[in-house]
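I have placed the structure first, in the form of structure tokens, so that the comments after it can refer back to it.
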Amino acid sequence: MNKDEILKALQKEVEGYNKIVATDKGDWIVKGFIDIYKNIYTISIDTKVVSKVIELLLIPAFETFARKYDMKLELPPQQNFYPDLTFISNRTGEKYAVDIKSTFKDDDNKIKSMTLGAFTGYFRNRASTKNTKYPYGDYSGHFVLGVVYSQVSENPNEKTIYTLDELEKIESAIKDFKFFVQPKYKIASASPGSGNTKNIGSTNSIDKLINGKGVFSELGEEVYDDYWMFYLTNDMAKALEIPRPYTNLKTYLEYKERGINILEKHKSEIIKLSEEEDSSKENEDINGD
């Protein structure tokens, strides 16, 4: 399967995931955690907890998906490694990264927030294996499997301990799930996730998330990669003792245009000087200097 084919297959696959994680009414099937004494503790609405539990619920489905399309599924060796899922084609050996991201609705068509992974480390050094299953550059495609849900109006009382007989009394912490799969760049924004974080932010529009209509969707993955590989936060720029080259797409364009204009003015000199330098280096190598 190529990148476009696996994207379509994943998009089709997640259409049935509501049946795995939710009741017919749309409530989450998870009510809490149970101990060996059959006590039930209500689950937190923390997005990291929710995301991990959803991932655990769906792993059997991911494994079935991999076998269906003659792929192997690999999970990260450690927590906080990229990506959450690695699919490897048994036929071609091509790798596809799928990161699971979840967030809740802020209103009818907006999410609270979602981050799409770091724009430093392995994202910039694409041959690095630090904090990643395989080097970022080894993957033929980078996808986000997103989950948007609604929170209940009142948070579950985490102080209350329930018994199995009281299971029906426990209200689900979240409900009304929407699943989607898109290439990471198509749902990215041009701003970090929040504050001075070094994570790529996403569009906050639910429609744009589901349909892959973020600001880079028309600009393309090459622009997305270039923008984020050289993006600096305030702290990063201060540490380097330089002004920030750009802060948004408009200033990014201006920054790139300045560089292009300067280089165009000196194009012939650059070519000539480069040829002279290469020639000089070749002579040094021949003479053993």
* Asked: Which one of V181, V223 is of a type in the set (V, I, T) and either touching a His at 6+ places or on another chain (Cβ under 7 Å) or free of Cβ contacts under 8 Å to residues at least 12 places away in the same chain (or both)?
  -> V223
* To do: Could you please find all residues in segment 72-101 being in a loop (DSSP other than H, G, I, E, B) and within 17 Å of T132 (Cα to Cα)?
  => L75, P76, P77, Q78, Q79, N80, F81, P83, D84, E94
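Would it be correct to say that Y96 is crowded, with 20+ Cβ neighbours inside 10 Å, touching a residue at least 12 places away in the same chain (Cβ under 8 Å) and at negative phi? Steps first, please.
Details: crowded, with 20+ Cβ neighbours inside 10 Å: yes; touching a residue at least 12 places away in the same chain (Cβ under 8 Å): yes; at negative phi: yes.
Against the criterion (crowded, with 20+ Cβ neighbours inside 10 Å, touching a residue at least 12 places away in the same chain (Cβ under 8 Å) and at negative phi), Y96 qualifies.
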* Structure fact -> By residue number, the members of segment 63-78 that are in contact (Cβ under 8 Å) with a residue 24 or more places away in the chain and either touching a strand residue (DSSP E or B) at 6+ places or on another chain (Cβ under 6 Å) or within 14 Å of I170 (Cα to Cα) (or both) are M71, E74
* Considering only residues that are under 13 Å from S202 (Cα atoms) and part of a loop (DSSP other than H, G, I, E, B), look in segment 106-159 and name the one that is most open to solvent (accessible area, probe 1.4 Å). => K112
* Select from segment 72-87 the residues that are surrounded by fewer than 18 Cβ atoms within 10 Å (Cβ to Cβ), of a type outside the set (F, W, Y) and closer than 26 Å to D226 by Cα and list them in ascending order. => N80
* Is it the case that Y231 is in contact with a helix residue (DSSP H, G or I) (Cβ under 8 Å, 6 or more places away or on another chain), over 26 Å from V53 (Cβ atoms) and open to solvent by less than 40 Å² (accessible area, probe 1.4 Å)? -> no
* Residue within segment 205-212 that is touching a Gly at 6+ places or on another chain (Cβ under 8 Å) and either farther than 22 Å from P83 by Cα or crowded, with 18+ Cβ neighbours inside 10 Å (or both) present -> yes
* Structure fact -> Condition set under 13 Å from L58 (Cβ atoms) and among the β-branched types (V, I, T), scope segment 1-32, selection most open to solvent (accessible area, probe 1.4 Å): answer is I29
* Asked: For segment 264-280, does any single residue satisfy the condition of being at pLDDT below 90 and closer than 29 Å to A190 by Cβ?
  -> yes
* To do: Evaluate segment 201-211: report whether one residue or more is free of Cβ contacts under 8 Å to residues at least 24 places away in the same chain and farther than 30 Å from Y139 by Cα.
  => no
* To do: Would you check which residues across segment 128-161 are without any contact (Cβ under 8 Å) to a residue 12 or more places away in the chain and within 28 Å of K8 (Cα to Cα) and list them?
  => G137
* To do: Could you check how many residues of segment 47-71 are open to solvent by 70 Å² or more (accessible area, probe 1.4 Å) and at pLDDT below 90?
  => 2
* Structure fact -> Of the residues in segment 33-45, those that are open to solvent by 40 Å² or more (accessible area, probe 1.4 Å) and of a type in the set (A, V, I, L, M, F, W, C) number 3
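The values are calculated or read from the model by the stated rules, or taken from the named source; none is laboratory data. These numbers were taken from a predicted model, which means no experiment stands behind them. Cβ atoms come from the backbone with ideal geometry, glycine included; neighbour counts cover every protein chain shown. These area figures cover heavy atoms from the full protein model, side chains too; ligands, DNA and RNA do not enter into them. Shrake-Rupley method; radii C 1.70, N 1.55, O 1.52, S 1.80 Å.
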